[in-house]
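See structure below.
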């Protein structure tokens, strides 16, 4: 009987230690980081997209990052030009265009907060050179973030 009481007491002590450890290390709700947001003009580019896609991109359409569920503002400017690609000519690279493709330069205005590593739009961190597939109006385009310029 004494062995049962000792084992039970030992088990109870272990359970109490585990509970007290869990209570001490339990994560409390993280303090929300308050970031100062500003308005930025953000520019995206793509060297070559199919012409039929480029023709669909107009001012005032929404830019949306569906992977991160982030609204990236409305298009304020859309510049569509000849595609940009390189070809080899006798061992030298030359700048040329590709039939049926266009290049894009898209600007949008967005609320963001600056960080050491880039800019937060919502809870997602973006930086210059960030490439992502974004929805622009009714299209889906792989765009690279080219610049962030403060408007305020």
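Residue 125: surrounded by 11 or more Cβ atoms within 10 Å (Cβ to Cβ), within 30 Å of residue 36 (Cβ to Cβ) and either under 22 Å from the mean Cα position of the chain (by Cα) or at pLDDT 90 or above (or both), yes or no?
Criteria met by residue 125.
Identify all residues within segment 104-128 that are closer than 11 Å to residue 43 by Cα and out of contact with any helix residue (DSSP H, G or I) (no Cβ under 7 Å at 6 or more places or on another chain); write none if there are none.
105, 106, 107, 108, 109, 110, 128
Residue by residue, here is whether (1) surrounded by 17 or more Cβ atoms within 10 Å (Cβ to Cβ); (2) without any contact (Cβ under 8 Å) to a residue 24 or more places away in the chain; (3) touching a strand residue (DSSP E or B) at 6+ places or on another chain (Cβ under 6 Å) holds:
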{"site": "102", "(1), (2), (3)": "yes, no, yes"}
{"site": "112", "(1), (2), (3)": "yes, no, yes"}
{"site": "116", "(1), (2), (3)": "no, yes, no"}
{"site": "121", "(1), (2), (3)": "yes, no, yes"}
{"site": "129", "(1), (2), (3)": "no, yes, no"}
{"site": "138", "(1), (2), (3)": "no, no, no"}
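Among the residues of segment 51-98, write down those that are part of a helix (DSSP H, G or I) and within 19 Å of residue 131 (Cα to Cα).
Within segment 51-98, 53, 54 meet the criteria.
The values are calculated or read from the model by the stated rules, or taken from the named source; none is laboratory data. A quick note: this is a predicted structure, and the numbers were derived from the prediction, not measured. All Cβ positions, even for glycine, are placed from backbone atoms using ideal geometry, and neighbour counts span all protein chains on display.
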